[in-house]
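Notes to accompany the following structure.
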Amino acid sequence: MSMENEESVKKLFTAESAKVDTNKGDAYYEELYASCQERIEDLKKLAPLNNRVDFTESIEDQGLGRRDFLQWASATTAMLMLPASFTPLVAEAAVLMNRVPVIWVELQDCAGNSEALLRSDGPKIDEIILDIISLEFHETLQAASGHQAEKQMDEAMEHFKGKYLLFVEGAVPLGMNGQFGTIGAKGETFVEHLHRAAEGAAAVVAVGSCATFGGIPAAAPNPTDAVGVMDVVKGKPLINIPACPANPSNMVGVILHYVLTGTIPELDSLLRPKFAFGYRIHDNCERRAHFDAGEYVEEWGDEGAKNNFCLYKVGCKGPMTFNNCSIIRYNEGVNWPIGVGRGCIGCSEPDFWDKYAYERPMANANIKAPTGGVEKTVDEFGLGLLTVASIGIGIHAAASAIAGKREDGGEY
Amino acid sequence: MKAKPGYRQVKRRTGALRIIHWTNVIGMIAAIITGLYIADPYYQAFIADSAVDKYVMAWNRWIHFMFAIIFDVTSIVVVYLTFFSRVERPWTKVIPNKKNFIEFFEVLLNLLTLNTRKKFNSEHNDSFNIAYFFLFHILMIWMLLTGLQMYVHGLGSGLSSIGNWWPWMLHLVTDWTLPVSSWMAGSTATGSNIMDVRIAHHTTMWLLITWVVFHIYYQFWRTIFWKEGDISIIVGGSKYVKIEDGENK
């Protein structure tokens, strides 16, 4: 079977869940290296899109040396599942990140993803890089408001038409004609806003679980009919970076990949980059040995908890969650949920609020409120019962009218 | 074993099928015991032992997967025998034709009337029992595919001890269970997750346990109260039928 056939057969019959190809062979990487090198030379000729500080200077301003930067570059190369020979290219691409315009829109969410890249103890290299990308428009961060803000966005979209990356944070409410969320002085609904912003984008990056799968706004009973960006935006290259919040390292990884290769990274069936979501938390967990040994935290604060035992019995969902936080952790490798002694709540999975985040093993979980909400069920059941009764009364009344009164002497 | 005077022997199950049946019985018991532990570890390892001496979850998973793989192989053999066995070919009894429909409902009526109405030949496998086993095999195949879907993510690198074709094939054959499970478990989100596969796998276990309860009840009841002697089919391989008057020996 030729490779093309094999690919098409795979597409035809499978939903293609995560399968990671970590070694594509020397020929593939040599070709990729050459094309990346060419692209970086091209990018170097372009002027930076903004006049913000130079990358190397801003790193030094934060007290980080060149050695730190090169360490970061080799770690990021490994994260992107590229051979070590790509490290110099990744370092060069990082410096050239200000050649890529980014527009960031914010929909139904808590701004947690913006927070994640702003509120680190001191900016780390990932965050600095997100600082120097050419962020042309960011609703939460910009000074402008009202008509001014809208004008700024229109200009950015016009100027970089077909070139900018659109980052979307937050779910899209479709209920009540989209009126659950409006934005700007004209009261544009989130759906319209997203469609308008996505139209001229080179690619759309959905950041965080709300933008990718609907997240908490889409949890049962989903009153606003919230959906992820991939349900709304069609016909554009789309990348999902779920998690609550999405890890800044993965955002940088996606942008870097785009700068380096001019393409979006390899994605799984849920459009997540495989370099980040190809493995489960569980596969690389530091407490995995305790899982296999049957050593579990039985209750909070017990002897097992003090000894860093596995958190499976207090509801860790690592075995069903695809993400790379067990490898790269958060805040430049400082720590992550399992490391601080609490279980994974599967925040990067679709439906995580209903099916993962109940902090008990799945077998003990009451997954949903009964039948999707008490009042909702009572109302719908009552209305249904009333309808059936009304139809019954109607049929009885009609039949009685046709049959007429019973003959005299009859009894009711 | 030779038939007693007044009875004749009807050969029903070959040795291979009987071995498969009892392998599956042991396998199901083991899979349920270990599966419940994997879902929610219900007993504790001795906390004072050092970690190198206990491997409790790993052994549970080893047993669970081992029997799953045995089930996979016996399933393939059973599917083959369903169509090509030299003794009985059960698939002819689940074809939805008139004869099978009548037999199915006659057996059902026989059961509901507690054997006061009996208008079918119980010497050979009847449509009701075969349909009931057909349901078992559907549940079993669903169980195997959802199980392998969860299993293949342990081979996330695309490598395995027997070659790259194995995880590749598992993805090819089982990835469709993701969206199907999500649809079955109900979801308000965009996209499907592996937890739904797990919920489906767990729920199907209870359906299979329910299936086993009726199966055991039915076979014992028929053997003891209706004197059909059906249990000997799966132990000795034959059924002993009373010779009616006027029947040729």
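The values are calculated or read from the model by the stated rules, or taken from the named source; none is laboratory data. Note that the coordinates shown come from a computational prediction; the quantities given were computed from them, not determined experimentally. Don't worry about glycine lacking a Cβ; one is built from the backbone with ideal geometry, like all the others, and counts go over all protein chains shown.
What helices (runs of 4 or more DSSP H) completely inside the range A:277-387 contain at least 2 residues that are more than 10 Å from chain B (Cβ to nearest Cβ), of a type in the set (A, V, I, L, M, F, W, C) and under 23 Å from the mean Cα position of the chain (by Cα)?
On the way: elements: A:288-293, A:303-306, A:325-328, A:352-355.
Qualifying helices (runs of 4 or more DSSP H): A:325-328.
Of the residues that sit in the range B:83-123 and are touching a residue at least 24 places away in the same chain (Cβ under 8 Å) and among the hydroxyl-bearing types (S, T, Y), which one is farthest from B:R8 (Cα to Cα)?
Only one residue tops the list, namely B:S85.
Filter the range B:149-162 for residues that are hydrophobic (A, V, I, L, M, F, W, C) and surrounded by fewer than 16 Cβ atoms within 10 Å (Cβ to Cβ); which is nearest to the other protein chains (Cβ to nearest Cβ)? Give the derivation first.
Just the residues of the range B:149-162 that are hydrophobic (A, V, I, L, M, F, W, C), to begin with: B:150, B:152, B:155, B:159, B:162.
Subset that is surrounded by fewer than 16 Cβ atoms within 10 Å (Cβ to Cβ): B:159, B:162.
Details: B:L159: 9, B:I162: 17 Å.
By that ranking, first place goes to B:L159.
Would you check if B:T146 is surrounded by 19 or more Cβ atoms within 10 Å (Cβ to Cβ) and part of a helix (DSSP H, G or I)?
Numbers: surrounded by 19 or more Cβ atoms within 10 Å (Cβ to Cβ): yes; part of a helix (DSSP H, G or I): yes.
Judged against the criteria, B:T146 is a match.
Test of understanding: among B:W165, B:W183, B:W142, which residue is within 27 Å of A:G208 (Cβ to Cβ), more than 9 Å from chain A (Cβ to nearest Cβ) and either over 19 Å from the mean Cα position of the chain (by Cα) or in contact (Cβ under 8 Å) with a residue 12 or more places away in the chain (or both)?
On the way: B:W165 fails: within 27 Å of A:G208 (Cβ to Cβ); B:W142 fails: within 27 Å of A:G208 (Cβ to Cβ).
When all the criteria are applied, what remains is B:W183.
Being of a type in the set (G, A, S), under 27 Å from B:V197 (Cα atoms) and modelled with pLDDT of 85 or more narrows it down to one residue among A:S348, A:S390; which is it?
Working: A:S390 fails: under 27 Å from B:V197 (Cα atoms).
The unique qualifying residue is A:S348.
Does B:K98 fit the bill of being in contact with a helix residue (DSSP H, G or I) (Cβ under 7 Å, 6 or more places away or on another chain) and either surrounded by fewer than 16 Cβ atoms within 10 Å (Cβ to Cβ) or modelled with pLDDT under 85 (or both)?
Working: in contact with a helix residue (DSSP H, G or I) (Cβ under 7 Å, 6 or more places away or on another chain): no; either surrounded by fewer than 16 Cβ atoms within 10 Å (Cβ to Cβ) or modelled with pLDDT under 85 (or both): yes.
No: the conditions fail for B:K98.
In the list B:F71, B:F67, which residue meets the criterion of being buried (at least 16 other Cβ atoms within 10 Å of the Cβ), free of Cβ contacts under 8 Å to residues at least 60 places away in the same chain, within 22 Å of B:H202 (Cα to Cα) and of a type in the set (A, V, I, L, M, F, W, C)? Break it down into steps so the answer makes sense when it comes.
Working: B:F71 fails: free of Cβ contacts under 8 Å to residues at least 60 places away in the same chain.
None of the other options fit; the residue is B:F67.
So in the range B:149-166, with the set limited to residues that are of a type in the set (G, A, S) and assigned to a loop (DSSP other than H, G, I, E, B), which one is nearest to B:P179 (Cα to Cα)? Lay out the reasoning, then the answer.
Step one: list which residues in the range B:149-166 are of a type in the set (G, A, S), which gives B:154, B:156-158, B:160-161, B:163.
Now restrict to residues that are assigned to a loop (DSSP other than H, G, I, E, B): B:156-158, B:160-161, B:163.
Values: B:G156: 19, B:S157: 22, B:G158: 21, B:S160: 25, B:S161: 29, B:G163: 27 Å.
Once the filter is applied, the top-ranked residue is B:G156.
Where residues in the range A:207-226 are facing chain B (nearest Cβ under 7 Å) and buried (at least 24 other Cβ atoms within 10 Å of the Cβ), which of them is farthest from A:G175 (Cα to Cα)?
It comes out as A:F213.
It is to be established whether one or more residues within the range B:45-56 are part of a helix (DSSP H, G or I), surrounded by fewer than 17 Cβ atoms within 10 Å (Cβ to Cβ), within 14 Å of another protein chain (Cβ to nearest Cβ) and of a type in the set (D, E).
Step one: filter the range B:45-56 for residues part of a helix (DSSP H, G or I), giving B:51-53, B:56.
Subsequent filtering for residues that are surrounded by fewer than 17 Cβ atoms within 10 Å (Cβ to Cβ) retains B:51-53.
Add one more test, that the residue is within 14 Å of another protein chain (Cβ to nearest Cβ), and what stays is B:51-53.
From what is left, the residues that are of a type in the set (D, E) are B:53.
Yes, because at least one residue in the range B:45-56 is part of a helix (DSSP H, G or I), surrounded by fewer than 17 Cβ atoms within 10 Å (Cβ to Cβ), within 14 Å of another protein chain (Cβ to nearest Cβ) and of a type in the set (D, E).
Condition first: modelled with pLDDT of 90 or more and closer than 30 Å to A:M81 by Cβ. Can you find one or more residues in the range A:178-196 that meet it?
no
Output the residues belonging to the range B:21-44 that are polar (S, T, N, Q) and facing chain A (nearest Cβ under 10 Å). Spell out how you get there, then give the answer.
Taking the range B:21-44 and keeping what is polar (S, T, N, Q), we get B:23-24, B:34, B:44.
B:Q44 - this is the single residue of the range B:21-44 that is polar (S, T, N, Q) and facing chain A (nearest Cβ under 10 Å).
Would you check if B:T223 is without any contact (Cβ under 8 Å) to a residue 60 or more places away in the chain, of a type outside the set (A, V, I, L, M) and surrounded by 18 or more Cβ atoms within 10 Å (Cβ to Cβ)? Break it down stepwise before answering.
Details: without any contact (Cβ under 8 Å) to a residue 60 or more places away in the chain: yes; of a type outside the set (A, V, I, L, M): yes; surrounded by 18 or more Cβ atoms within 10 Å (Cβ to Cβ): no.
In short, no.
Would you check which residues across the range A:256-276 are closer than 18 Å to A:T22 by Cβ, surrounded by fewer than 20 Cβ atoms within 10 Å (Cβ to Cβ), in contact with a helix residue (DSSP H, G or I) (Cβ under 8 Å, 6 or more places away or on another chain) and within 12 Å of another protein chain (Cβ to nearest Cβ) and list them?
Answer for the range A:256-276, where residues must be closer than 18 Å to A:T22 by Cβ, surrounded by fewer than 20 Cβ atoms within 10 Å (Cβ to Cβ), in contact with a helix residue (DSSP H, G or I) (Cβ under 8 Å, 6 or more places away or on another chain) and within 12 Å of another protein chain (Cβ to nearest Cβ): just A:D268.
Given the residues A:V172, A:V229, A:V168, which is the only one that is touching a Phe, Trp or Tyr at 6+ places or on another chain (Cβ under 7 Å), closer than 20 Å to A:V102 by Cβ and buried (at least 24 other Cβ atoms within 10 Å of the Cβ)? If you could, list the steps in order and put the result at the bottom.
Details: A:V229 fails: touching a Phe, Trp or Tyr at 6+ places or on another chain (Cβ under 7 Å); A:V168 fails: touching a Phe, Trp or Tyr at 6+ places or on another chain (Cβ under 7 Å).
Step by step, each of A:V172, A:V229, A:V168 is checked, and only A:V172 is touching a Phe, Trp or Tyr at 6+ places or on another chain (Cβ under 7 Å), closer than 20 Å to A:V102 by Cβ and buried (at least 24 other Cβ atoms within 10 Å of the Cβ).
Need a quick list: helices (runs of 4 or more DSSP H) entirely within the range A:184-264 having at least 1 residues that are under 30 Å from A:S74 (Cβ atoms) and of a type in the set (V, I, T). Break it down stepwise before answering.
Details: elements: A:190-199, A:208-213, A:248-261.
Correct list: A:208-213, A:248-261.
Any residue at all in the range B:146-155 that is in contact with a strand residue (DSSP E or B) (Cβ under 9 Å, 6 or more places away or on another chain), modelled with pLDDT under 90 and closer than 22 Å to B:G229 by Cα?
At the first step, the residues of the range B:146-155 found to be in contact with a strand residue (DSSP E or B) (Cβ under 9 Å, 6 or more places away or on another chain) are B:153-154.
Now drop any that are not modelled with pLDDT under 90, which leaves B:153-154.
Imposing the further condition that a residue be closer than 22 Å to B:G229 by Cα reduces the set to none.
No - not one qualifying residue is present in the range B:146-155.
Do the conditions hold for B:N110, that is, is it outside any helix (DSSP H, G or I) and out of contact with any helix residue (DSSP H, G or I) (no Cβ under 8 Å at 6 or more places or on another chain)? Lay out the reasoning, then the answer.
Numbers: outside any helix (DSSP H, G or I): no; out of contact with any helix residue (DSSP H, G or I) (no Cβ under 8 Å at 6 or more places or on another chain): yes.
Considered against the rule, which asks whether it is outside any helix (DSSP H, G or I) and out of contact with any helix residue (DSSP H, G or I) (no Cβ under 8 Å at 6 or more places or on another chain), B:N110 comes out as no.
Give the residue, chosen from B:I19, B:I38, B:I32, that is β-branched (V, I, T), under 21 Å from B:Y151 (Cα atoms) and under 14 Å from the mean Cα position of the chain (by Cα). Walk me through it before giving the result.
Working: B:I19 fails: under 21 Å from B:Y151 (Cα atoms); B:I38 fails: under 14 Å from the mean Cα position of the chain (by Cα).
Selected residue: B:I32, the only one of B:I19, B:I38, B:I32 that is β-branched (V, I, T), under 21 Å from B:Y151 (Cα atoms) and under 14 Å from the mean Cα position of the chain (by Cα).
Looking only at the range A:112-135, decide whether some residue is over 23 Å from A:A202 (Cβ atoms) and at pLDDT 85 or above.
Within the range A:112-135, the first condition is being over 23 Å from A:A202 (Cβ atoms), and the residues that meet it are A:112, A:115-116, A:118-125, A:127-128.
Subset that is at pLDDT 85 or above: A:112.
The answer is yes; a qualifying residue exists.
Among the residues of the range A:14-22, is there at least one that is over 18 Å from A:P265 (Cα atoms), modelled with pLDDT under 85 and surrounded by 11 or more Cβ atoms within 10 Å (Cβ to Cβ)? Break it down into steps so the answer makes sense when it comes.
Here is the first cut: in the range A:14-22, the ones over 18 Å from A:P265 (Cα atoms) are A:14-15.
From what is left, the residues that are modelled with pLDDT under 85 are A:14-15.
Narrowing further to those that are surrounded by 11 or more Cβ atoms within 10 Å (Cβ to Cβ): A:14-15.
Yes: one or more hits.
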